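Presented below is the structure to which this report refers.
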Amino acid sequence: MAFGKELVLASEFRGQLVTDGGTPAPGIRITRSLNWGWGEEVIEDETETDAEGRFSFPKVTRRSLTAGILPHTPSIAQEMMAHGPSGAVNIWFADKANYKDQGELDRPIDVICHLDREPSADGLFWGTCEEAR
């Protein structure tokens, strides 16, 4: 029997990594790091882009007796790095301030991230990603 409320630290994430001009970037390692302040926990995982440059990460949840009932503002730092031939690029950095599924955007995350762009705040969050259309 699991105790505590289920908390979503990161929602399911789907993306496509492309180079300038929209060319898919296959075989690129993508790392994700989640830093949950309340639980003082760092969660790391990784994946690799497929032949079409697509990648995904599963939803990450935790249970907590106290975080589910004590008043506080959640803070989950989410960072994704693409490790390409020219080095690592920060493609996504967001600070999730809730425990809701899809709480980052209030909708499913489906993005296009650019391997050859400098990270900036011009997209959804800090990084190189924009919503897929």
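Restricting to region 7-24, name every residue that is surrounded by fewer than 20 Cβ atoms within 10 Å (Cβ to Cβ), hydroxyl-bearing (Ser, Thr, Tyr) and at pLDDT 95 or above.
Listed by number, the list holds a single entry, 23.
Which condition from (1) closer than 14 Å to residue 14 by Cα; (2) acidic (Asp, Glu); (3) part of a loop (DSSP other than H, G, I, E, B) is the one that residue 130 breaks?
Result: residue 130 fails condition (3) only.
If the requirement is being under 16 Å from the mean Cα position of the chain (by Cα), more than 22 Å from residue 123 (Cα to Cα) and not small (Gly, Ala, Ser), which of these qualifies: 95, 45, 50?
45
So residue 32 fits all but one of (1) in contact with a strand residue (DSSP E or B) (Cβ under 6 Å, 6 or more places away or on another chain); (2) more than 14 Å from residue 92 (Cβ to Cβ); what number is the exception?
Checking residue 32 against (1) in contact with a strand residue (DSSP E or B) (Cβ under 6 Å, 6 or more places away or on another chain); (2) more than 14 Å from residue 92 (Cβ to Cβ), the one that fails is (2).
Those residues that are modelled with pLDDT of 95 or more, over 17 Å from residue 125 (Cβ atoms) and surrounded by 16 or more Cβ atoms within 10 Å (Cβ to Cβ), I need them from region 25-42; list them, please.
Listed by number, the residues that qualify are 25, 28.
Out of 29, 117, I need the residue that is over 30 Å from residue 3 (Cβ atoms), in contact with a helix residue (DSSP H, G or I) (Cβ under 8 Å, 6 or more places away or on another chain) and touching a residue at least 12 places away in the same chain (Cβ under 8 Å). Which one?
117
Restricting region 84-124 to residues that are aromatic (Phe, Trp, Tyr) and crowded, with 19+ Cβ neighbours inside 10 Å, which is nearest to residue 17 (Cα to Cα)?
Selected residue: 92.
The values are calculated or read from the model by the stated rules, or taken from the named source; none is laboratory data. Because the structure is predicted, anything quoted here is derived from the model rather than measured. Note that we place each Cβ from the backbone using ideal geometry, even for glycine, and neighbour counts take in every protein chain shown.
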